[in-house]
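Following: one structure in structure tokens, then a few remarks.
The values are calculated or read from the model by the stated rules, or taken from the named source; none is laboratory data. Bear in mind the structure is a predicted one, so any value in this text is a computation, not a measurement. Positions of Cβ are generated from backbone atoms using ideal geometry, with glycine treated the same way; all protein chains shown enter the neighbour counts. The area values use the complete protein model at the heavy-atom level, side chains included, leaving out ligands, DNA and RNA. Shrake-Rupley method; radii C 1.70, N 1.55, O 1.52, S 1.80 Å.
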Amino acid sequence: QAGRAAPCAPFRAAARAGHAAVAATAIDHGAPIVSSGITEITAGAGPAYRGHIAIDLARRDVSFEKVCELLWSSSLDLAKPTTWRIPARAQALVSDAYGKILPNGKHQIYESLAMLALQLARTDGLFGSTSIGKSAGEEAKLLICASTELLGCLGPQQRPAQLGRSELIAAAVTRAFGGEATPTRVRAVNSMLVLLADHELPPGTLAVRAAASGGARLFDCIAAGICASAGTEIAGHYGVVDRFLSTRPTYASLREKTLRLYKSGLRIPGFTHPIYPRGDPRATYLLEIAAEVCGDLFPMGQVMAFLRWAADEFDSHPRHEFAVVCLVRALGLPSWCASAIFLLARMGGW
């Protein structure tokens, strides 16, 4: 779904090298192999959804629900309230699906979300006795709501985080991870969901497109995207960043780890996005929020000092994964929920 107006010089060179080189480069770096009016990637401001800069939408507290509807329909009507719910006639069927796919172990996030999508794809009667008039939008809303509830089963309370009356997805997600849905926390979680909703063409998006081109229904397409994103280079990369940061990082410890990595020819986890050589704008904004809300929960001062050193010493800048993990820690939420937030957000773009 994502693309830029024109390929830059490195991608032109890859094109001259042949189609195989272009395909490989596209998967690694998000080359604009598909033109689109949905999401434009700008080096200075990050993604723009149908002409609306994503960071501006987050700053204005536009809800994740509204951003999804913008991506799906090109309409952004902020005057009209938007509250998503699982239809009453479908709630029992969705709840039954949770019982069929809940994992034996903890935090099997990717498998559980993919299995939920597949289970719902095979559940008759989700939209009543007939599917006539059912739209992809209705299916999409149901799947995102059901996925949000399921996160509660994987969280500390181990029960569905059912959406309350007039409650936003971001609030239910915060509760699912065991956090109190304060305005500050909800705004921060909503910002992550908005900024991660869509981007370039990573493997997950390519998998969704491939499944859709074969005539697969929406739930099956999303399951394909989740599975394609479950590796250490995409959703699993949040865990790699979390291990690098450790529980209470200090400037000295992060600096020492970085020097060891560079000595071994390795990069800092969650750094250096090829589309953003001067830094990922999404990361910059999310780190600002983390610094504002951290309190005593996470030493953001130490982290920010390290980021300044990395920029000065290696001209290396954080990606969104690094910022999301920092913000999750600053909010006092379990570290494993960073990848869950990514997958839930990216469902909107898919």
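Residue by residue through segment 86-102, note down the ones that are open to solvent by less than 40 Å² (accessible area, probe 1.4 Å) and either touching a strand residue (DSSP E or B) at 6+ places or on another chain (Cβ under 9 Å) or within 16 Å of residue 158 (Cβ to Cβ) (or both). Within segment 86-102, 98, 101 meet the criteria. Residues satisfying the criterion are absent from segment 210-221 (criterion: assigned to a loop (DSSP other than H, G, I, E, B) and surrounded by 22 or more Cβ atoms within 10 Å (Cβ to Cβ)). Assess whether residue 256 counts as being outside any helix (DSSP H, G or I), open to solvent by 40 Å² or more (accessible area, probe 1.4 Å) and not β-branched (Val, Ile, Thr). In short, no.
Residues of segment 172-192 that are of a type in the set (Gly, Ala, Ser) and open to solvent by 10 Å² or more (accessible area, probe 1.4 Å): 178, 179, 181. Take the residues in segment 301-342 that are among the charged types (D, E, K, R) and outside any helix (DSSP H, G or I); name whichever of them is most open to solvent (accessible area, probe 1.4 Å). Within segment 301-342, the match that is most open to solvent (accessible area, probe 1.4 Å) is 315. Just one of (1) free of Cβ contacts under 8 Å to residues at least 60 places away in the same chain; (2) of a type outside the set (Val, Ile, Thr); (3) over 22 Å from residue 253 (Cβ atoms) fails for residue 345. It is (1).
Of the residues in segment 222-244, at least one is of a type in the set (Asp, Glu) and surrounded by fewer than 19 Cβ atoms within 10 Å (Cβ to Cβ). Can you tell me how many residues in segment 263-287 are of a type outside the set (S, T, N, Q), open to solvent by less than 80 Å² (accessible area, probe 1.4 Å) and either outside any loop (DSSP other than H, G, I, E, B) or at positive phi (or both)? Total meeting the criteria: 12. Look at segment 45-66: where a residue is surrounded by fewer than 21 Cβ atoms within 10 Å (Cβ to Cβ) and a partner is charged (D, E, K, R), sitting 6+ places away or on another chain with Cβ atoms under 7 Å, you get 48/40; 55/282; 61/187.
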